[in-house]
Amino acid sequence: MSAPQDRTDDGGVPVPVTPAGATGGAPAELPPSSPAGRGMFGDQGTGDVSGYGGLVRPQRSIEAATRPYGGYFDEVTDALEEAYPAFGEAIEKVVVDRGELTLHIRPERIAEVCQVMRDDLSLRFELLSSVSGVDYLGADARRLHVVYQLTSMTYRRQVRLETAVSAEDPHLPSVTSVYPTADWQEREAYDMFGVIFDGHPGLTRILMPDDWEGHPQRKDYPLGGVPVEYKGAEIPPPDRRRSYQ
Amino acid sequence: MSASNYATERETAEGKVFTVTGGDWDVVLSGTDPINDERIVVNMGPQHPSTHGVLRLVLELEGETVRELRSVVGYLHTGIEKNMEFRNWVQGSAFVTRMDYLAPLFNETAYALAVEKLLGIEEQITERATTIRVLMMELNRISSHLVWVATTAMELGAINMMLYGFREREYVLEIFELITGLRMNHAYVRPGGVAQDVPDEAIAKIRDFLKLMPKKLAEYEKMLSGQPIWLERTQNVGVLDATGCLALGVTGPVLRSAGLAWDLRKTMPYCGYETYEFDVPTHTDGDVWGRYLVRLAEIRESLKLVEQAVDRLRPGPVMVADRKIAWPAQLAIGVDGMGNSLEHVAKIMGQSMESLIHHFKLVTEGFRVPPGQVYVGIEAPRGELGVHAVSDGGTRPYRVHYREPSFVNLQALPAMAEGGLIADVIAGGASLDPVMGGCDR
């Protein structure tokens, strides 16, 4: 096994292919397959003589759904369209996958949409279950996605709202005024991904120390770790190990 | 001439400031209220016996009254979510089990359900595996609630309850050890099923536990429920109504103690909970007392569920049949003390080249999960435990986010404690049942 310092960026392996969904316009359908869908062993330095290094795996793309969406999804989208005049402008895409409805929202509209989703009598998404960030580095120019899980206790429905912002301009409105529970969860997304929620009452780090630099869960932030010696052999840290992708 | 000419006062950000020119001390003193104006800031934690781990509370006190409370979390952040992105999907269960260490089987089951949904194999999970999951989760709910009643009682001064609660929890942990091999951090529920079948001794032990526990519950109630100090410390303390709970995203026993019977096992069933007979206990006061009653009643409901699950166990596989996903199960302890399956080893080494290849691929590389994202929410002892899992089509999670009830519920502490007495901060905080391992992940 080569020492991690020896690795070079191209070990004679084919150039990365553009993963499906890397358009930069609409939000990415898919995260990039690990180093751009190339190779099997995740190894970039040593000569991979197995022949698998050139394999490019086809990606199943997740298409925007067409009506009827099925289940309660049509009712929810209809109700939102009726209650929210700017529907056509604010909704970038509707995706139905694995029995879940995802509405891709323009970032500047997210707080408005949440307000309608909560207050409209035929929607009634009273509970914001979860806010989380995902970094689609390499698949989307607006790489930082923020995902909101809404739950309607009245109708027992769940809907996911997804927005995307770029790392250069990671601003979107905070939904804390609609859902106070977003307070800590937005702080976590800021802490881990550097997404800035405008209008948040106190957007500070929450899990990392206050003086921490960088946003640890971004994909270009290294995992860190030191090599350890075990029975005479040096084991590299997890992100440097030669492994399958 | 009025006295104020001698000592002019002005308001600043730090409070009233008097410019004293001398000989006017009476004016100065009359302008301040020695009891109410003196605010002190107390830092409670992160090392404090009543903060359930490393939670830090910054309290601004006026006498014994809490005026402001801010919680500081993150002391137990271990980067589990980030670490999982560097391990394969199966290894993820060994990470998530360490988040909320009092409810490891819930973390694992939520994760397994999410991965299975991503794989699209929910229908293939065997009846027995699902029943075992329900059985383990409900036993775990009992042990988690026992720790809650034990620690909360201790923090409010009832040390004896602490000992009894942990004693019975130990019984549950022994059952876990019999089944999974470990008391905590089991990595038992895996994507595709469970790691091991339940041995017969464990069933006998569970049946003993089912006989023992109702008696113990009656003892706890005798000890606490009519106890004047316990009543004083819990009734009308840490009140949070249903509106407050929903706004702050609080779920679980705290929400149910405010009167809303929201329990994902009933409202959005998973693991076949809709086929079991059980009730969702609620209370109307929304105080610590209500949460105590709700949790004790939930232990009783969990006992019912455990009993039904044990009765339902029929022999059968505990892993999906798909050999590209199923880890070779049915391990036994070998001479080297490691888990091994001699039958499986004999097969892959002696008879089937394909099995060997599959085994090698599965162990070194892991299985691939088709790209996409899912969210799965289950009812953990503390509330809604949600997993948002994203796959890029590879053998490792692209992103796994846990919606931890401890993390979300802790936001409600200022709403409960501000304006109350400092002693009630302990009761209110404990009634949320935060586990910092889960909160900080």
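For the reader, a short list of remarks on this structure follows.
- Rounded, prolate or oblate (a/c below 1.5 giving rounded, otherwise prolate when a/b exceeds b/c) for chain B by Cα gyration tensor: prolate
- Here the simple spin-label model places points 7 Å from the Cα toward Cβ, and for residue B:13 and residue A:171 these points are separated by 2.4 nm.
- Cross-link partners of residue B:304 among lysines (Cα-Cα below 21 Å; sequence separation of 8 or more within a chain): B:205, B:211, B:215, B:216, B:266
- Residue B:201 versus residue B:221: modelled label distance in nm, points set 7 Å from Cα along the beta carbon direction: 3.4 nm
- Set of segment B:140-168 residues, backbone N closer than 11 Å to the point 7 Å along the Cα-Cβ line of residue B:423: B:156-157
- Cα-projected label distance for residue A:75 with residue A:210, points at 7 Å along beta-carbon direction, nm: 4.9 nm
- For peptides B:382-393, B:59-70, sequence by mean Cβ density within 10 Å, most packed first: B:382-393, B:59-70
- Computed E for residue B:331/residue A:63 - FRET, C-beta separation, R0 45 angstrom, nearest 0.05: 0.60
- Relative contact order [Cα under 8 Å, 6+ residues apart], chain B, whole percent: 23 percent
- Inter-chain Cβ neighbour count for A:173-183, averaged per residue, equals 3 (cutoff 10 Å, partner chain atoms only).
- Per residue of A:185-192, other chain Cβ atoms within 10 Å of the residue Cβ number 3 on average.
- Inter-chain neighbour count for A:198-208: the average number of beta-carbon atoms from partner chains within 10 Å of each residue's beta-carbon is 2.
- Chain lengthening between residue B:266 and residue B:185 when straightened (0.36 nm per residue, less Cα-Cα): 26.4 nm
- Remark on residue B:399: its backbone amide H falls under 5 Å from those of B:390, a criterion applied only to residues 5 or more positions apart or on other chains, H modelled at 1.01 Å from N.
Every number here is computed from the coordinates shown, using simple stated rules; none is lab data. This is a predicted model, so every value here is computed, not measured. No Cβ is skipped: glycine too gets one built from the backbone with ideal geometry, and neighbour counts run over all protein chains shown.
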